[in-house]
Amino acid sequence: MKSAGVPALADFPPGTEFIIKEFDLPLAKVPVDGKVEWHNWFGGAPQRYDVTRLRVDNNWPADSFEQWARVVADSLRG
């Protein structure tokens, strides 16, 4: 995965899920060795994310990778 900026779909392994939390937080649920890791891409640099902050009503799957990538891009603008 890229270290900063808006990633490309090809930067993620197959099976990655793209989630948006509270309209402006881009999360990626990435499969790794039979498990999953959650990453917060706000600001364009992935950081591990604590999923205990997620609730049923504060996140949803992105409609597309492009929608998710726009949320990442918006986070770069400050």
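The values are calculated or read from the model by the stated rules, or taken from the named source; none is laboratory data. Fair warning: this is a prediction, and the values are worked out from it, not measured in the lab. When we count neighbours, we look across all protein chains shown, and the Cβ atoms used for this are built from the backbone with ideal geometry, even at glycine.
When you scan region 14-25, do you find a residue that is surrounded by fewer than 16 Cβ atoms within 10 Å (Cβ to Cβ) and hydroxyl-bearing (Ser, Thr, Tyr), even just one?
no
Of all residues in region 11-58, how many are of a type in the set (Gly, Ala, Ser) and either within 24 Å of Arg77 (Cβ to Cβ) or touching a Phe, Trp or Tyr at 6+ places or on another chain (Cβ under 6 Å) (or both)?
Summing the residues that are of a type in the set (Gly, Ala, Ser) and either within 24 Å of Arg77 (Cβ to Cβ) or touching a Phe, Trp or Tyr at 6+ places or on another chain (Cβ under 6 Å) (or both) in region 11-58 gives 4.
Within region 55-72, work out how many residues are in contact with a helix residue (DSSP H, G or I) (Cβ under 8 Å, 6 or more places away or on another chain) and exposed (fewer than 13 other Cβ atoms within 10 Å of the Cβ).
0
Exactly one of (1) surrounded by fewer than 16 Cβ atoms within 10 Å (Cβ to Cβ); (2) within 13 Å of the chain's Cα centre (by Cα); (3) of a type outside the set (Phe, Trp, Tyr) is unmet by Ser75. Its number?
Answer for Ser75: the failing condition is (1).
Which residues, counting only those in region 1-23, are over 11 Å from Ala69 (Cα atoms) and either at pLDDT 95 or above or among the charged types (D, E, K, R) (or both)?
Lys2, Ala10, Asp11, Phe12, Pro13, Pro14, Gly15, Thr16, Glu17, Lys21, Glu22 - these are the residues of region 1-23 that are over 11 Å from Ala69 (Cα atoms) and either at pLDDT 95 or above or among the charged types (D, E, K, R) (or both).
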